[in-house]
Every structure is written in C-alpha cells, then in structure tokens.
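The next block holds one structure in the form of structure tokens; read it before the comments.
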Amino acid sequence: MSDNRIFNLGEALARADQDHALLQEMAELFLEHGPKDLAGIKTALAARNAEAVGRFAHRLKGAVLQLCAPAMLKAAKQMEEAGKAGDIAAAAALYGGLEAELTGLLDALRFEMDKGLAA
C-alpha cells in the first residue's frame, strides 16, 4: 500500500466486503466529489456561511469513512464541528489542514488505483 498512515486499504476492502470493483468505484467517486466538497467549503468560508461549511464537511466526512482515512476523517470532523458551531474563524484556521489531508488521500488513492485497485 502507498502509505498506511493516509488510508488503510485492507480496512477499506473489508468495508466493501472484499469487493475490489466496489472499492474502485467508491475511490473514483471520491476523486470526483472530494475536491468539489472542498471547493464548496472554501466558497462557504469566503461567504462566511458556517451552515454550508458544516454541510460540505459532513458530506466529505461520510465519504472518507468508507475509505478508512483517519487523519482526513479527523480533519473533516473538526471542520464540520466548526461549521455547525457557527465558528467561521475556527473553520478558516482548519482549512489548510483539511486541504493537505485531502491532497494526500487523493494522491494515495490514485497510486493504489494505478496499481490495479480493482484487481
């Protein structure tokens, strides 16, 4: 695996009932929608819309649960909590970490997919 600290391939496969094709599909969807959710958070932060920050972070958190990526999950959860609390300043401070975690996860997923995740 590319980096067990980023996501746990074995656990993700277990969540997908050892269905490699299903995990491949989940990874592809995350590669498409994860960056969109992050962009939504960035736009919501700029608009100072804490409710939208929380909503986008919640979606991101739900997708990450299936991929067994603990650091990304923690970052998304913290962002969701800040959004739900209406704390735009805290959410803005968390954004860089969330973006970095997402980038790492996307890179790790692409690496695994290039190796034949669906095999």
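Within the stretch 46-68, residues that are of a type in the set (D, E, K, R) reach partners that are open to solvent by 70 Å² or more (accessible area, probe 1.4 Å) and in a helix (DSSP H, G or I) with beta carbons closer than 7 Å, at six or more positions or on different chains, in the pairs LYS61/LYS77.
For the stretch 29-45, the criterion of being under 17 Å from GLU112 (Cα atoms), of a type in the set (A, V, I, L, M) and touching a Leu at 6+ places or on another chain (Cβ under 7 Å) is met by at least one residue. When restricted to residues that are touching a residue at least 24 places away in the same chain (Cβ under 8 Å) and of a type in the set (Gly, Ala, Ser), the stretch 29-45 contains 2.
Within the stretch 1-10, the set of residues being more than 24 Å from MET79 (Cα to Cα) and surrounded by fewer than 17 Cβ atoms within 10 Å (Cβ to Cβ) comprises MET1, SER2, GLY10.
If you check ALA108, ALA90, ALA75 for being aliphatic (A, V, I, L, M) and touching a Ser or Thr at 6+ places or on another chain (Cβ under 8 Å), only one passes: ALA108.
The values are calculated or read from the model by the stated rules, or taken from the named source; none is laboratory data. Everything numeric here is computed off the predicted structure, so don't read it as measured data. Here the Cβ is made from the backbone with ideal geometry for all residues, glycine too, and neighbour counts use every protein chain on show. With ligands, DNA and RNA removed, areas are computed over all heavy atoms of the protein, side chains included. Shrake-Rupley method; radii C 1.70, N 1.55, O 1.52, S 1.80 Å.
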